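One structure below.
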Amino acid sequence: MLGKCNSGESPLERFIAVVAWSISTMRPMIFGFAPYNSILGETHHVSRGSLNVLLEQISHHPPVTALYATDEKDNLEVLCCLHPTPKFYGTSVEVVMHGKRKLKLLNHGETYTLSSPKIWVKFLPVPAIEWIGTCGIRCPETGLEAELTYGGKSFLGLRGNARSIKGKIFDSSSLKPLYEIGGHWDRTITLKDLDSGETRVIYNAKEVLCGLKTPIVKDPKHRRCGGVWDLCAAANERRLPCSGPLSLPPFHDLVSRVLTESHSECLRYKGVLPSEAAVVWGEVSQGILSGEWGKATEAKKTVEERQRELLRERKSRGETWIPKHFIVSYNKEDGWDCSPKEKIVPPASIVVPF
């Protein structure tokens with residue numbers, strides 16, 4: 001999806017591709033299932049083709065995550081710094097995702113700024129968790145903007161349209177609407193040309209996501225572990241389920257299934273950082289996947305206690321923790337911001353095959 005953003009022949013076609021890519025990043029969330037609490041400095045480094053992505057947890061209190069991705073073949077960059085802030089309303093919690101994503105199409109000299117919808121967690125009368133609210137996409141170089149509204153169920157769950165999207169693309173200078181957007185982000189999204197009346201599908205969740213293979217660790221420099229092995233207990237050809245509306249497993253459920261002790265040992269020989277999320281939470285994932293919740297709980301306590309110990313050590317030495325991969329800034333007016341320390345993200349040992 002990201003590569004298509006760069007291949008559009010006109011600014012309008014590229015903008016539509018960016019809208020579709022933004023929608024494609026949405027995933028269902030599972031209520032009450034949150035065994036992972038990212039630690040300070042935790043990373044995720046992954047590649048798919050020529051696209052290389054690096055994430056780092058640059059703050060723990062408050063939680064702030066930085067992401068930088070580069071694709072030298074398609075000549076594009078993605079940078080974002082996200083800071084979720086919860087608001088409590090008695091029977092529900094609304095999480096506002098502060099920070100913006102920026103996509104740069106360097107071949108065209110275009111920068112797209114994207115905001116995020118909110119997360120709504122409802123406890124009563126029926127527990128649920130959904131993406132809701134309005135977010136925007138804008139490109140100042142072309143003057144094009146989009147407004148997307150994510151819909152969910154009502155308080156009682158009797159009305160509303162779960163996982164729905166309504167929106168429009170318009171010219172920011174004249175405010176003239178050009179296209180209408182509608183559908184469901186876990187199914188299909190259509191685009192209607194307001195001049196011609198023509199409607200077409202710009203995003204099909206099943207087609208895009210069901211073909212995704214689970215990650216592998218690949219490092220041709222080291223043969224001790226066989227060169228290539230899955231991060232899943234299933235075979236390399238395992239794919240995401242394609243029946244009905246998407247109900248995808250969480251990220252860590254995908255990347256951690258094969259982290260037995262022997263595989264964790266292999267990681268040290270394959271260029272995977274000790275701060276890699278799949279390594280940090282490997283024992284927790286083993287406990288969850290084997291149904292040993294007591295083991296998972298103890299493993300989580302061990303990870304968190306180690307972080308408290310490191311914090312005490314830094315305080316005793318008068319040290320301030322500094323992110324390894326990002327330069328970070330904060331002010332009351334603009335909030336958190338970050339920039340990568342390196343211009344190019346190198347290829348990762350964790351790879352998502354085509």
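The values are calculated or read from the model by the stated rules, or taken from the named source; none is laboratory data. Everything numeric in this text was worked out from a predicted model, so none of it was measured. Quick reminder, even Gly has a Cβ in these numbers, built from the backbone with ideal geometry, and neighbours come from all protein chains shown. Calculation scope for accessible area: heavy atoms of the full protein, side chains included, ligands and nucleic acids excluded. Shrake-Rupley method; radii C 1.70, N 1.55, O 1.52, S 1.80 Å.
For the reader, a short list of remarks on this structure follows.
- Shape of segment 278-351, Cα gyration tensor, a/c cut at 1.5: oblate
- Rounded to 0.05, the FRET efficiency of the residue 10 and residue 313 pair, given R0 = 56 Å and the Cβ-Cβ distance, is 0.50.
- Projecting the Cα atoms of 335, 346, 323 onto the dipole axis of segment 312-354, where Lys and Arg carry +1 and Asp and Glu carry -1 at the beta carbon, places 323 farthest toward the positive end.
- Rounded to the nearest 10 Å², the accessible area of residue 168 at probe 1.4 Å: 80 Å²
- Restraint check, 4/100; 87/122; 166/192, Cα-Cα greater than 18 Å: 4/100
- With R₀ fixed at 41 Å, the C-beta to C-beta distance from residue 37 to residue 173 puts the FRET efficiency at about 0.35.
- For segment 29-109, taking the reciprocal of the average inverse distance between every pair of different Cα atoms yields a Kirkwood hydrodynamic radius of 14.7 Å.
- Once the chain from residue 200 to residue 61 is taken as fully extended at 0.36 nm per residue, the excess over their C-alpha distance is 45.6 nm.
- In order along segment 8-24, phi translates into HN-Hα couplings of x, 6, 10, x, 5, 5, 5, 5, 4, 5, 5, 4, 5, 5, 4, 5, 5 Hz, rounded to whole numbers, per the Karplus curve 6.51 cos²θ - 1.76 cosθ + 1.60 with θ = phi - 60° and x for Gly and Pro.
- Taking amide H atoms as placed 1.01 Å from N in the peptide plane, the amide H of residue 178 lies under 5 Å from those of 169, 170, 171, each 5 or more residues away in sequence or on another chain.
- Residue-span extension gain [residue 75 to residue 327] - 0.36 nm each, minus C-alpha spacing: 88.5 nm
- Vicinal HN-Hα couplings computed from phi for segment 169-181 (Karplus, 6.51 cos²θ - 1.76 cosθ + 1.60; Hz; Gly/Pro x): 10, 9, 7, 5, 6, 9, 6, 6, x, 10, 9, 10, 10
- Couplings 3J(HN,Hα) of segment 305-315, computed from phi: 5, 4, 5, 5, 5, 5, 5, 4, 5, 5, 5 Hz, in residue order, whole Hz [Karplus 6.51 cos²θ - 1.76 cosθ + 1.60, θ = phi - 60°; x for Gly and Pro].
- Once the Cα-Cα distance is subtracted from the 0.36 nm per residue extended length, the residue 344 to residue 134 segment shows a gain of 72.4 nm.
- Neighbour-limited loop hits for chymotrypsin sites (Phe, Trp or Tyr not before Pro), segment 1-90 (at most 13 other Cβ within 10 Å; DSSP other than H, G, I, E, B): 31, 33, 89
- Length-normalised contact order for segment 99-212 - Cα pairs under 8 Å, 6+ apart - percent: 14 percent
- Take the Cβ atoms of residue 293 and residue 193, set R0 to 56 Å, and the FRET efficiency comes out at 0.60.
- Normalised by the number of residues in segment 1-145, the mean separation of alpha-carbon contacts (under 8 Å, six or more apart) gives a relative contact order of 16 percent.
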